[in-house]
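See structure below.
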Amino acid sequence: MKLYVIAVGNRMPQWVETAWEDYAKRMPADCAIELKEVKPEPRTSGKTAAQMMQAEAKRIETAIPPNALRIILDEHGKDVTTVQLALHLEKWKLSGQDVAIIIGGPDGLDTSIKNAGDTKLRLSSLTLPHPMVRVLLVEQLYRAWSITVNHPYHRA
């Protein structure tokens with residue numbers, strides 16, 4: 001299994017890239033994680049939010065690996081604990097499929113992407129900036145993996 005994080009947005013601050021790389025390199029080969037950035041639609045184009053999300057949806061679709069399990073990060077998704085995320089990770093590994101975790105842009109995700117998801121999760125009830133979501137997600141995926149293998153990173 002390989003984890004793909006499909007995220008709308010590019011040109012993240014250096015601290016985001018540093019944190020991402022730090023946690024991503026900790027993941028073992030059988031649970032490798034890769035970031036695929038999707039170019040956001042320019043906010044100066046005069047398009048409506050719906051039009052921008054629709055344009056981004058097309059780019060997201062091309063970034064998702066074929067036959068990957070689609071996990072949508074959404075404010076209305078299921079709230080999970082870290083231990084529950086570890087259980088999801090175990091289930092994903094057992095499925096034998098790659099997993100695409102999808103993060104929308106500033107306006108969110110187009111309905112077509114949301115409806116095509118296999119699972120909808122949320123990381124927090126708080127509104128988080130997109131750069132922070134990447135860092136939080138990769139850290140929690142590493143922590144979830146550490147739980148599944150009894151690694152001392154996660155201490156209950």
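The values are calculated or read from the model by the stated rules, or taken from the named source; none is laboratory data. Computed from a prediction, not measured in an experiment: that's the story for all the values here. Here the Cβ is made from the backbone with ideal geometry for all residues, glycine too, and neighbour counts use every protein chain on show. Side chains are part of the model used for accessible areas, which takes the heavy atoms of the whole protein and leaves out ligands, DNA and RNA. Shrake-Rupley method; radii C 1.70, N 1.55, O 1.52, S 1.80 Å.
Some points to look at:
- Of interest is the spacing of the C-alpha centroids, which for region 126-147 and region 10-37 amounts to 11 Å.
- Summing Lys and Arg as +1 and Asp and Glu as -1 over all other residues whose Cβ lies under 12 Å from the Cβ of Val133 gives a net charge of -1.
- Dividing the mean sequence gap of close Cα pairs (under 8 Å, 6+ apart) by how many residues the chain holds gives a relative contact order of 33 percent.
- Region 1-131 - charge dipole about Cα centre, Lys and Arg +1 at Cβ, Asp and Glu -1, debye rounded to 20: 120 debye
- Taking other residues whose beta carbon is less than 14 angstrom from the beta carbon of Thr48, and scoring Lys, Arg as +1 and Asp, Glu as -1, yields -2.
- Annotation: Thr44 carries an accessible surface of approximately 130 Å², with a 1.4 Å probe and no ligand, DNA or RNA atoms counted.
- Cα-based reach from Lys58 at 12 Å (exclusive), listing aspartates and glutamates while leaving out same-chain residues under 8 positions away: Glu41, Asp110
- Lys, Arg +1 and Asp, Glu -1 on Cβ, resulting dipole of region 1-64 about Cα centre, debye, nearest 20: 220 debye
- With the charge dipole of region 28-70 set up from +1 on Lys and Arg Cβ and -1 on Asp and Glu Cβ about the Cα centre, the Cα lying farthest toward the positive end among the listed residues Gly46, Thr62, Ala29 is that of Gly46.
- Count Lys and Arg as plus one, Asp and Glu as minus one, and take only other residues whose Cβ is under 12 Å from that of Glu37; the net charge is then +2.
- Within region 29-132, the trypsin sites (Lys or Arg not before Pro) that combine a DSSP coil assignment with at most 13 other C-beta atoms in a 10 angstrom radius are Arg43.
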